[in-house]
Amino acid sequence: MAESGSRGAQGSRRPGEQERRCHRVEFTLTEDEFAALEEAAGRARLSRGAYAAQVVHAYVTGSSGGPESADREALLELITASGLVRKIGVLLNHAVAKLNATGQRSGDLLACAMECMRRVERLDIAAEEIRGTLR
């Protein structure tokens, strides 16, 4: 499948441990079909070619684990949430560094730390639930 536009090299979003795709398939789409493919690939955070390949593979194998499966959507949300919690951790680290350097506690340091821990625990629970469905 030909890739056009500024999405990067073909397969560049695929993790390195996956088998390299060496067979090429081309097909022509109408404007509406192409727009739908673009939108779906964007939702799945995949290139158009990778998205099409995963959809076709899921269909021909009868798998429910295609690029828009509930498990994949949940995993993408979990990855996003993980990044946000990491940012909270960085901010908390800065606040603790200030406390260590000056002896002054900034604002709601304790409340922020407790909220951070609460969210991390919820994230851990969600990760375990998703991991259980992927087995």
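The values are calculated or read from the model by the stated rules, or taken from the named source; none is laboratory data. Not measured: the values here are computed from a predicted model.
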ask   = Hey, does region 26-44 have a residue that's at pLDDT below 85, assigned to a loop (DSSP other than H, G, I, E, B) and aliphatic (A, V, I, L, M)?
value = no
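Give me the residue from region 81-135 that is polar (S, T, N, Q) and outside any helix (DSSP H, G or I) and, out of that set, modelled with the highest pLDDT. Give the steps one after another, and end with the answer.
Of region 81-135, the ones polar (S, T, N, Q) are 82, 93, 100, 102, 104, 106, 133.
Then drop every residue that is not outside any helix (DSSP H, G or I), which leaves 104, 106.
Values: Gln104: 80, Ser106: 73.
Among them, the one singled out is Gln104.
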